[in-house]
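Step one of this worksheet: look at the structure below.
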Amino acid sequence: MKQLIDISKELFESKKVGYIIGYAEDKFKRVKPFVAHSSSDAERFVFSNYSVNNLAVYLTRLLKPKESKIGIVAKGCDIKSIIALIQENQIKREDVIIIGVNCNGVVNQIDEQFSKENTAIKCKYCQVRTPAHYDYLVGEIKDVDLPEDKNFAIMQKLESMNAEERWNFWEAEFEKCVKCYACRQVCPLCYCEQCIVDKSMPRWIDSSATVKGNFAWNMIRAFHLSGRCIGCNECERACPADIPLSLLNRKMGMVAMNEFNYRHGTDINQPTLIGNYNVNDKEDFIM
Amino acid sequence: METEKFEPKIVAFVCNWCTYTGADLAGTSRLKQQTNARLIRVPCTGRIDPVFIIKAFEKGADGVLVSGCHPNDCHYNTGNFHARRRWIFFRQLLDFVGIDSSRLYFSWVSASEGKKWVDVVDGVINSVREKGPFNGYKKLNKEIEIPVK
Amino acid sequence: MRIGVFICHCGENIGRTVDCPSVAKACANFSGVVHAEDYKYMCSDPGQNLIKQAIKEKNLDAVVVGSCSPHMHEKTFRKACSDAGINPYLVEMANLREHCSWIHDDVPLATKKAIDLVRMLVEKVKFNEPLIPIRVPVTKRALVIGGGISGIQASLDIANAGYEVVLVEKEPSIGGHMSQLSETFPTLDCSQCILTPRMVEVYQHPRIKLMSYSEVENVEGFIGNFSVTIRKKARSVKDELCTGCGLCVQKCPIKKVALSDFDEGLATRPAMYVPFPQAVPNIPVIDRSVCTYFKTGKCQLCKKVCGREAIDFEQQDQFIKEDVGAIIVATGYKLYTIDKKPDDNPIKGYGEYGYGKYKNVINGLQFERIASASGPSSGEMIRPSDKTVPKKIVFIQCVGSRDESKGFSYCSKICCMYTAKHAMLYKHKVHDGEAYVFYMDIRAGGKNYDEFVRRAIEEDGVKYIRGRVSKIFEENGKLIVKGEDTIAGVRVEIDADMVVLATAMTAQSDSSKLAQTLSVSYDKYGFINEAHPKLKPVETSTGGIFIAGACNAPRDIPDSVSMASAAAAKALVLFGSDVLEREPVVAKVNEATCAGCFYCQKVCAYNAVEQKEIKDRQGNVIKVVAYVNSGLCQGCGTCNATCPSKSIELLGFKDDQIYAQINSFAEVF
């Protein structure tokens, strides 16, 4: 990734950035998020099919810019998160330098070899292999063998079930949830300083790992992200209990698309879906 | 032992300016209705968070009714528009997760629609009575074994 | 918390269907309730005294009254408890009458429901907090934006009531469009004659500060406390020295340099000009874009002839700050310009009518100037191209209005009336002339309006043709008007000498910019929105800002004047007290947990959410959080439901208060 390293070094040398968030290999050759503070650090930058992490999450937690700008290496889906964060006043566009990367798909199971079967399902529908917004662009687009969408069959099955069957399906899934909140921690748009689940007065959502609390937690998280989730599916990847959270995100994304023709994070000037209204929003369900 | 006939428990979240006043009008007009509904007053439907609805179901409601001012008539101009957009998402989410979204009812009832309010409430109660009790959470509540005084 | 529960029988109204004594008994067992009793009429004096006594004797912190609807007696019980020492917001009412006893027959079920309703409110009140009404000081001065008939009326009403008014008008003279009219319907009063006395009254009024040739640049603050920055544009004349002698205007060598706005482009004016002879103030203005001195540095004739040394070429725009408590927007209207527009402009032109192409196709205001005694032809009815008297005039109504495809779906309200008026004026001046009016409908709903239109048809012989005009083109010096008569079912072609188009009445071109400066909402046409179409026609949803006249919707003079007085009355209500007391049911932000996403700001209909910087000791900004202006917040709570982390809460209906009500289901039923 010489192009990426050169640009990063140039940004450091011209003092345009204080640090750059990107990916690097550890001593076991695993690709991980890495923060470079200098040109020599930047030598370690890589980008490959194993660069799964959505680095935009680091823009919200610890690394709010103080005196200098932040650089970030991001693929198309991650950049949607960055645009979403800018629209929601978490970061200013001028404070972040986006090094966009032409992406050729990322792995599904990070411990295994990248292949057609082991590609993230989101990559099948990706329209931003060349990102839509960036300050610099690196990498080359190559042909990619798109994976099969295994979730499509599951979604169809769910649509054909009745309410009780669906409840049983999700009960079985949410039984596995241990309330580790990895889904929340890895999500760039879950930046609330005090999450609703942590509020005890009143206790809307049980924080302990009861099935009732798990239902409430996952429902409310999906609801708070409706119209905001950009579909990076990091939550599902991070879930240690293998709960198919991407199905929930996908459903909410479909509602945003079908009812409102809206995709969050694609147009920085578009008014957000939540927070605005249309006098013609449908109300066939209202008596 | 005789099994008691199932009587649905309905929680109604109503906006202060339109529906609550409409319900008052139904009262002043002495229009009779069934006793199953309990009203919770909020200033505007915009104040209604879907967590309220989930909590109501968790606590044993068999049906939930949400009612407010007609679009363009909201006392606070736009509260019901924002609420409506929320509901569009929330209903689909409930359905997807397996909570029958037809147990969640919405209506626009203005301050002058006392008769409509009676029709809405009775309609909801009858409809939920037919569906039967909402059992999903009853089992989950037992799991936590909340001791009842 | 020590709670007292009081159940009212309301005579037989509640008592007949709800077993009140057993409700009171059941409530006595609720946790937190230390006193429970029932009584025949709680709202009566003895009833209220029972409550006050119990508060004192049992040391109550909060009260729940189970009786009629809170819409009925919430204020009564709140005041009673407040007199006894409890904060009024620790008092809740359970509706056992309208929502229980009056709508049910079954006594056991109704009683059970009554117990549940009281229980829910007992649980709620445990989380109620004492709230203090918000007091906001009021600056008793008004700002009126726009010096047309609406602005003038509003200014006079407020000034005559004893308060100071700042009247800002962007043109060099006040008077607005009404000063351009020749006669007004339905009385055919001379427009200038009824307007100029008012204009002079404004100018001479000790409490009206007239700022003409000025515009509102910036508005900050909120109801009762606005801080307005006004740009006083440079006339190049010192207004405190000028006597209005007019010598400079006479001597200005650039006589015909520019088209007169006042005469709607039908006449010219010099570089140094007064817009019309009756202008108020009667102080000239130098149009710097055409003045020789400003272009080449030569001339200065005006300065030489001015006996008072009032000419000041160095004069700059001034920025003046004014503090006011109420603002009235009366910026009026503009006529839709109907020549061809570029394709990306949502407002389409009417190229097929030849406006702008043929000199003798004019709009309504241009006709007014021709008909006016002070106009370019001194009232003689002559057509613009060759100054001959037109023998046939065609008037076309609904040009642009009621036409989705041209961008205006609404009716402009005044055109049917002024077209009839124009036709009548023409017939009065040209007795043998023929006047034709192409119309879709006749809207003459006001007082004496229909009789006026009938007069035009029956007495003055104006011919009304129901149909639209498809095209106008010139042939042999005549304008061929091709239209249709839908009643007779034939095509009609008229060879007219002049065509007058009744074009749509729209908002001023900078109306949306002004609305944004004021933070008032406006619609897609630029008209300023009223707070409620039926019950609040002169208020906007921004507290303290009122509207009058055509800036809100197409409107005629009597309605504009009524609205202006109504807006003035609203301002006077505001000035009626030194301090504005508002219900404290407002939103409040928990700055520690607010993440600064500002979704609350997006959903607030009243612009009550502002941004606030949280700084550390060194002055560095740590984060930007939301902040609620409690003067503007109306207490709807939409922000509370939108915030994912519930960092903004509506006092009086907070999450824990609502949770308590829902939670009481677990023990209920």
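The values are calculated or read from the model by the stated rules, or taken from the named source; none is laboratory data. Note that the structure is predicted; figures quoted are calculated from it, not measured. All Cβ positions, glycine included, derive from the backbone under ideal geometry; neighbour counts span all protein chains shown. Surface accessibility is based on the protein's heavy atoms, side chains included, excluding ligands, DNA and RNA. Shrake-Rupley method; radii C 1.70, N 1.55, O 1.52, S 1.80 Å.
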Filtered hits (lysines, Cα-Cα < 17 Å from B:K131, offset >= 8 within chain) -> B:K5, B:K9
Partner shielding of C:647-654, as the mean number of partner chain Cβ atoms within 10 Å, equals 2
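Can you flag which of A:K150/A:K179; A:K75/C:K615; A:K157/A:K282 are past 30 Å Cα-Cα?
Numbers: A:K150/A:K179 26 Å; A:K75/C:K615 34 Å; A:K157/A:K282 27 Å.
Flagged as over cut-off: A:K75/C:K615.
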From the cross-link list B:K32/B:K55; C:K392/C:K463; A:K251/C:K602, the entries with a Cα-Cα span beyond 18 Å are B:K32/B:K55; A:K251/C:K602
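Rounded to the nearest 20 debye, what is the charge dipole size of the protein assembly as shown about its Cα centre when +1 sits on each Lys and Arg Cβ and -1 on each Asp and Glu Cβ? Mind dumping the intermediate values first?
On the way: 142 positive and 133 negative charges, 268 e Å.
Roughly 1280 debye, rounded to the nearest 20.
Evaluate chain B: find the radius of gyration of its Cα atoms, find its Kirkwood radius, and give the ratio Rg to Rh.
Values: Rg = 15.9 Å, Rh = 16.1 Å.
With Rh from the inverse mean 1/r over Cα pairs, Rg/Rh is 0.99.
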Rounded to the nearest 500, the 222 nm mean residue ellipticity computed for chain C from DSSP H runs (n ≥ 4, each -39500 (n - 2.57)) alone is -8000 deg cm²/dmol
In vacuo Debye sum over C-alpha of the stretch A:64-174, base-10 log of normalised intensity I(q)/I(0) at q = 0.09, 0.11, 0.20, 0.22 Å⁻¹, listed in q order, is -0.38, -0.54, -1.02, -1.10
Checking the stretch C:363-467 for GluC sites (Glu not before Pro) in a loop per DSSP with at most 10 other beta-carbon atoms within 10 Å yields C:E459
SASA check, A:H133, accessible area w/ 1.4 Å probe, all protein chains in place, rounded to nearest 10 Å², comes out at 50 Å²
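Loop only per DSSP, at most 15 neighbouring Cβ atoms within 10 Å: give me the trypsin sites (Lys or Arg not before Pro) in the stretch C:297-330, ordered by residue number.
Details: sites: C:K298, C:K303, C:K304, C:R308, C:K321; in loops: C:K298, C:R308.
The qualifying sites are C:K298, C:R308.
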Rounded to the nearest 10 Å², the accessible area of C:L574 using a 1.4 Å probe with every protein chain kept is 10 Å²
Given all pairs of distinct Cα atoms, the stretch C:276-334 yields a Kirkwood Rh in Å of 15.2 Å
The ³J(HN,Hα) series, computed from each phi in the stretch C:445-451 with the Karplus coefficients 6.51, -1.76 and 1.60 at θ = phi - 60°, rounded to the nearest Hz and given as x for glycine or proline, is x, x, 6, 6, 6, 5, 4
Largest-first ranking of C:W102, A:W170, B:W17 by accessible area, probe 1.4 Å, whole protein assembly kept, is B:W17, C:W102, A:W170
In whole angstrom, the spacing between the Cα centers of the stretch A:258-287 and the stretch C:119-137 equals 35 Å
With x for Gly and Pro, the residue-by-residue ³J(HN,Hα) of the stretch C:160-168, computed from phi through the Karplus equation 6.51 cos²θ - 1.76 cosθ + 1.60 at θ = phi - 60° and given in whole Hz, is 5, 7, x, 10, 7, 10, 9, 10, 10
Whole-Å distance linking the alpha carbon centroid of the stretch C:606-669 with that of the stretch C:442-507 is 59 Å
Among B:F90, B:S29, B:W17, the residue whose Cα sits farthest towards the positive end of the charge dipole of chain B, when +1 is placed on the Cβ of each Lys and Arg and -1 on the Cβ of each Asp and Glu, is B:W17
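Mean separation of Cα pairs under 8 Å and 6+ residues apart, divided by the residue count of the stretch C:333-506: what relative contact order is that in percent? Walk me through the intermediate numbers first.
Numbers: 351 pairs, mean separation 49.9, N = 174.
Relative CO of the stretch C:333-506 lands at 29 percent.
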Magnitude of the Cβ-charge dipole (Lys and Arg +1, Asp and Glu -1) of chain C about the Cα centre, nearest 20 debye, reported as 1360 debye
Listed by chain and number, the aspartates and glutamates with an alpha carbon less than 17 angstrom from that of C:K524, same-chain partners under 8 positions apart left out, are C:D344, C:D403, C:E404, C:D510
Rounded to the nearest 500, the 222 nm mean residue ellipticity computed for chain A from DSSP H runs (n ≥ 4, each -39500 (n - 2.57)) alone is -9500 deg cm²/dmol
The stretch A:28-122, Kirkwood Rh and Cα Rg, ratio Rg/Rh at 0.98
With no solvent term and unit scatterers on the alpha-carbon positions of chain A, Debye gives log₁₀ I(q)/I(0) at q = 0.07, 0.17 Å⁻¹ of -0.28, -1.53
At the level of C-alpha centres, the distance separating the stretch B:13-38 and the stretch C:158-178, in angstrom, is 49 Å
Descending accessible area (1.4 Å probe), largest on the left, turns A:E140, C:E201 into A:E140, C:E201
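Shape verdict for the stretch A:11-84, please, from the Cα gyration tensor: rounded (a/c under 1.5), prolate (a/b greater than b/c) or oblate.
Working: a/c = 1.89, a/b = 1.11, b/c = 1.70.
Oblate is the answer for the stretch A:11-84, as a/c is 1.5 or above yet b/c matches or exceeds a/b.
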Expressed as a whole-number percentage, the relative contact order of the stretch C:435-516 with C-alpha contacts under 8 angstrom and at least six residues apart is 21 percent
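Rounded to the nearest 5, what % of the DSSP beta bridges within the stretch B:10-144 are antiparallel ones?
Working: 0 of 16 bridges.
Of all bridge pairs located within the stretch B:10-144, approximately 0 percent are antiparallel.
Report, as a whole number in µm² per second, the diffusion coefficient that Stokes-Einstein gives for the stretch C:587-651 at 4 °C and 1.567 mPa s using the Kirkwood radius over alpha carbon pairs. Spell out each step's value before the answer.
Working: Rh = 11.8 Å.
My calculation gives 110 µm²/s for D.
With +1 on each Lys and Arg Cβ and -1 on each Asp and Glu Cβ, and nothing else charged, work out how big the dipole of the stretch C:3-125 is about its Cα centre, in Debye to the nearest 20.
On the way: 14 positive and 15 negative charges, 37 e Å.
Here the size comes out at about 180 debye.
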Phi-derived 3J(HN,Hα) across the stretch B:52-57 with the Karplus relation (6.51, -1.76, 1.60, θ = phi - 60°), rounded Hz, x for Gly and Pro, is 4, 5, 4, 4, 4, 5
Any aspartates and glutamates whose Cα falls less than 12 Å from that of C:K56, other than same-chain ones fewer than 8 residues away, would be C:D83
Residues whose built amide H sits under 5 Å from the amide H of C:M498, excluding neighbours closer than 5 in sequence, are C:K392, C:V394
Of the residues C:V136, C:Y39, C:A569, the Cα lying farthest along the dipole of the protein assembly as shown towards its positive end, which is defined by charges on the beta carbon of Lys, Arg, Asp and Glu, belongs to C:V136
Rg (one decimal) and Dmax (whole number) from the Cα set of the stretch C:177-265, in Å, equal 17.6, 50
Bounding extents of chain C in its principal axis frame from Cα atoms, largest first in Å, are 98, 71, 45
Yeah, the stretch C:333-506 with a ≥ b ≥ c from its alpha-carbon gyration tensor (a/c under 1.5 is rounded, else prolate when a/b outruns b/c, oblate otherwise) is rounded
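Normalising by the residue count of chain C, find the relative contact order in percent from Cα pairs under 8 Å and 6+ residues apart.
Numbers: 1461 pairs, mean separation 85.5, N = 669.
Once divided by the residue count of chain C, the mean separation gives 13 percent.
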Checked the stretch C:235-359 with the C-alpha gyration tensor, a ≥ b ≥ c its square-rooted eigenvalues, rounded below a/c of 1.5, otherwise prolate if a/b is larger than b/c and oblate if not; verdict oblate
Log entry: pair-distance distribution for the protein assembly as shown, C-alpha pairs binned every 20 Å from zero, whole % per bin is 10, 31, 32, 23, 4, 0
Links exceeding 30 Å between C-alpha atoms in this model, out of C:K75/C:K113; A:K16/A:K124; C:K232/C:K570, come to A:K16/A:K124
The correct ranking of C:I3, A:I268 by accessible area at 1.4 Å, largest first, is A:I268, C:I3
Amide H proximity to C:A258 below 5 Å, modelled H, separation 5+ or other chain, gives C:R269
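Give me the percent of DSSP beta bridges within the protein assembly as shown that run antiparallel, rounded to the nearest 5. Present the calculation step by step, with values, prior to reporting the outcome.
Working: 65 of 144 bridges.
Just about 45 percent of them are antiparallel.
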